[in-house]
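The block underneath contains the structure these notes are about, expressed in structure tokens.
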Amino acid sequence: MTTVSGQPLRCHIFCTVIDNYGDLGVCWRLARHLAHAHAVAVTLFVDDLSSFQHLAPALDPKRPVQRLGDITIQHWSSDFPAAAPADLVIEGFACHLPESYILAMAACSPPPVWINLEYLSAEDWVEGCHGMASTHPQTGMEKVFWFPGFSPATGGLLRSPSEMHLFAKVHEQPKIGRHISLFSYENQAIAGLLTALASDSIATTLSVFSGRALTDVSAWLGQPLAIGDTAQRGALSIHVLPLLDHADYDHLLARSDLNLVRGEDSFVRAQWAGAPMLWHIYPQEDEAHLIKLAAWQARVERIAAASGTPLPPSWSQALAAWNCHAETASAPPENHWAQLLADLPAIRNAMRNWRDHLLTQPDLATQLMRFYADRVESRPK
């Protein structure tokens, strides 16, 4: 347990909901890790409680302040109330704290430890920027930039023992047929994959979430789909799911033979599942996102090769096709997706070795607590 003057350490996490809950998913998971694994008293400030309810069905979006388990949830509105700052303040993805809260932090003696939780990247520059600080121009307070990442020189990845136990438990359960989960942005490559699955000799169940990818699935099928609908084409059975809470989504990832994921939270969860995966990275101007994708791909392929389980060419080809725009993508071979499906056992071995490599590094919440303790202990007495 982390304490301050004999009392549980208090942490305030601030989050704005951007682009289909990705930022919120990370902040909500971090809040639970700090509360459950480190006994931190966490309050999570969120600007959109209606969206939050998709990830936490027990949440009442009409209540501005409420408890979910041992975590306090507070609506972050424009008329932000006076709040006593916590010992540890985490600004999710540069969401800009309320000015009144910053002034209240500056009036504290000593001031809180202020963290800006950054976006995840596998690029080499992250190691040099992790832990760097900037000074607030009006108050002189120091804000530390926390970069999640894939090496010991970064801030780590979110995981907890209970989550890893769930993945291991589900892996042991028997299953019939092939299962694939689909959670992506709009993607011109979806049609080719569905065609390959429909004509494959192995029956496949595709779980697709209501949202942006469902439009492409409906277009390929030739009929509109909604939550709860099912459809059959050849060997492919399609099931449309609502957004799931974290535990149910982790369970789905663990029992799937191929996970098609997007954003940041689902991207990390798929790696802990240790199953074959394709990441649909968020598109950026001038295709800057492809640099991030290539950096992650290179790390995975390097560890897989060093572990004696090199990834087959079909994986890198599929990853490229999955992240190209229709106007710039080169047409893959006709048997491209069929080859990927045939290579799933080899890809699974490689992804499990990649996961085991990541497990040798401390998780993000544990690293954050160590940093907080070091920062507090180093203050002048």
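What follows draws every value from the coordinates through simple rules; no lab data is involved. It should be emphasised that the depicted structure is a prediction, and the values quoted were computed from it without experimental measurement. Cβ sites come from the backbone with ideal geometry, for glycine too, and all protein chains shown count toward neighbours.
Partnerless cysteines in the chain, where a partner means another cysteine C-beta under 4.7 angstrom, comprise C11, C95, C108, C129, C324. Working from Cα pairs under 8 Å separated by at least six residues, relative contact order for the chain is 14 percent. Positive end of the dipole of the range 161-359 (Cβ unit charges, origin at the Cα centre): among I281, A191, L166, the Cα lying farthest that way belongs to L166.
With contacts taken as Cα pairs under 8 Å and at least 6 residues apart, the range 161-359 reaches a relative contact order of 22 percent. In the elastic network of the chain, a GNM with C-alpha springs shorter than 10 Å, the most mobile of C108, C11, C95 is C108.
Projection of the Cα convex hull of the range 161-359, averaged over all directions and equal to a quarter of that hull's surface, yields 10.9 nm². Inverting the pair-averaged 1/r between distinct Cα atoms of the chain gives 22.1 Å as its Kirkwood hydrodynamic radius. Starting from a Cα-only point model with no solvent, please compute log10 I(q)/I(0) by Debye for the range 154-254 at q = 0.21 1/Å. Those come out to -1.10, one per q. The helix-only estimate of mean residue ellipticity at 222 nm for the chain, built from DSSP H runs of length n ≥ 4 each weighted as -39500 (n - 2.57), is -12000 deg cm²/dmol after division by the residue total. Given the options D23, D124, D79, state which has the largest fluctuation in a GNM of the chain using a 10 Å cut-off (strictly under) for Cα springs. Comparing D23, D124, D79 in the GNM, the peak value goes to D79. Computing FRET efficiency as 1/(1 + (r/R0)^6) for A306 and V376, where r is the C-beta to C-beta distance and R0 is 41 Å, gives about 0.60.
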